[in-house]
Amino acid sequence: MLNIVLFGPPGAGKGTQSQKLIEKYNLIHLSTGDLLRSEIAAGSELGLKAKSLMDNGLLVPDEVVIGMIANKVREHGNAAGFIFDGFPRTVPQAQSLDKLLQEHGTEISAMLALKVDDEELTNRLLLRGQTSGRPDDQNEELIRKRVQEYNTKTAPVADYYAGQSKFFAVDGIGEINEIFAQLCKHIDSLTQ
Ligand code: B4P
């Protein structure tokens with residue numbers, strides 16, 4: 001199986017690149033952000049709990065996202081592989097993912113990180129906020145809070161995968177197709 005963690009700060013382009021990668025490599029896309037937003041739209045108990053945290057730029061509790069991912073991995077037992085988009089976002093999430101995949105007889109192939117500076121992130125998210133209707137994209141203060149959550153809780157996840165020699169970084173600024181080509185180059189080198 002080809003199991004990729006697509007990593008980067010909010011607005012780095014994880015969702016954008018995931019869409020292209022799932023088509024090319026026939027992978028299942030698991031975005032915890034999308035899964036949480038559909039729980040909110042459905043008005044579920046989980047969604048209600050997640051909404052106030054997400055609207056304030058904070059991470060939702062580990063056990064919530066780990067449970068959602070475990071269900072989805074089980075549902076797609078015969079997949080060619082997965083793209084984990086926006087997950088894991090903390091070291092305990094990464095440890096749980098390793099354990100989960102081990103139970104399914106597989107493992108993470110690589111973490112691919114999109115590098116984008118804070119100014120570009122803020123501009124992209126404010127621009128998306130004009131059309132997305134996402135409450136967490138609406139103002140600069142909230143976006144800064146999300147980047148701060150990333151720097152304190154999520155950035156250490158890169159070291160976790162670097163420790164397993166599975167970390168690769170790509171410049172996330174530039175043409176979407178050019179960034180996609182760089183990601184594919186890394187993935188193709190794994191399968192050769
Ligand atoms: P997510 O839904 O994961 O979203 P994101 O970090 O905002 O965005 P992404 O990086 O996918 O950006 P995109 O491609 O869309 O998280 C939202 C919230 O959910 C979190 O804050 C948290 O509260 C919660 N959450 C999710 N997962 C969690 C977890 N595991 N644990 C705890 N909490 C969790 O790109 C952004 C914009 O940039 C788009 O408008 C796009 O068009 C544009 N763009 C993309 N590439 C570009 C390029 N190369 N040049 C110019 N613009 C580009």
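We did not get these values from a lab; they are worked out from the coordinates using the rules stated. Small disclaimer: the values here were computed from a predicted structure and weren't measured. All Cβ positions, even for glycine, are placed from backbone atoms using ideal geometry, and neighbour counts span all protein chains on display.
Using θ = phi - 60° in the Karplus curve 6.51 cos²θ - 1.76 cosθ + 1.60, the 3J(HN,Hα) couplings for the range 158-175 round to 4, 5, 4, 7, 4, x, 9, 6, 10, 9, 9, 10, 10, 5, x, 9, x, 4 Hz; x is entered for Gly and Pro.
Return the percentage of antiparallel bridges among DSSP beta bridges fully within the chain, rounded to the nearest 5 %. Working shown, then result.
On the way: 0 of 18 bridges.
Among the beta bridges of the chain, antiparallel pairing accounts for roughly 0 percent.
Each residue of the range 27-43 is assigned a 3J(HN,Hα), and the resulting list reads 9, 8, 8, 10, 9, 5, x, 5, 4, 5, 5, 6, 5, 5, 4, 7, x Hz, derived from the Karplus form 6.51 cos²θ - 1.76 cosθ + 1.60 (θ = phi - 60°), x at Gly and Pro. Using a cut-off of 27 Å between Cα atoms, the listed pairs Lys153/Lys185; Lys51/Lys166; Lys24/Lys153; Lys24/Lys51; Lys24/Lys49; Lys51/Lys72 include Lys153/Lys185; Lys51/Lys166; Lys24/Lys153; Lys24/Lys51; Lys24/Lys49 as exceeding that distance. Bridging of Lys99 to aspartates and glutamates at a Cα separation below 12 Å is possible for Glu107, once same-chain residues fewer than 8 apart are set aside. Using 1/(1 + (r/R0)^6) with R0 = 25 angstrom and r between the beta carbons of Arg37 and Gln192, what's the FRET efficiency to the nearest 0.05? The calculated FRET efficiency here is 0.10.
First check a/c for the range 127-192, with a ≥ b ≥ c the square roots of the eigenvalues of its C-alpha gyration tensor; if it is under 1.5, answer rounded, and if not, answer prolate when a/b is larger than b/c or oblate otherwise. Could you put the intermediate results ahead of the total?
On the way: a/c = 3.47, a/b = 1.48, b/c = 2.34.
Oblate, since a/c reaches 1.5 and b/c is not below a/b.
Sparse packing (at most 13 other Cβ atoms within 10 Å of the Cβ) combined with a DSSP loop state is found for the following GluC sites (Glu not before Pro) in the range 88-163: Glu107.
Which translational diffusion coefficient, to the nearest whole µm²/s, is obtained for the range 31-159 from the Stokes-Einstein equation, given a Kirkwood hydrodynamic radius over C-alpha pairs, 37 °C and 0.692 mPa s? Don't jump to the answer; show the numbers that get you there.
Working: Rh = 15.8 Å.
Estimated via Stokes-Einstein, D reaches 208 µm²/s.
Extension gain, Leu58 to Ala70, is 2.1 nm, computed as 0.36 nm per intervening residue step minus the present C-alpha separation.
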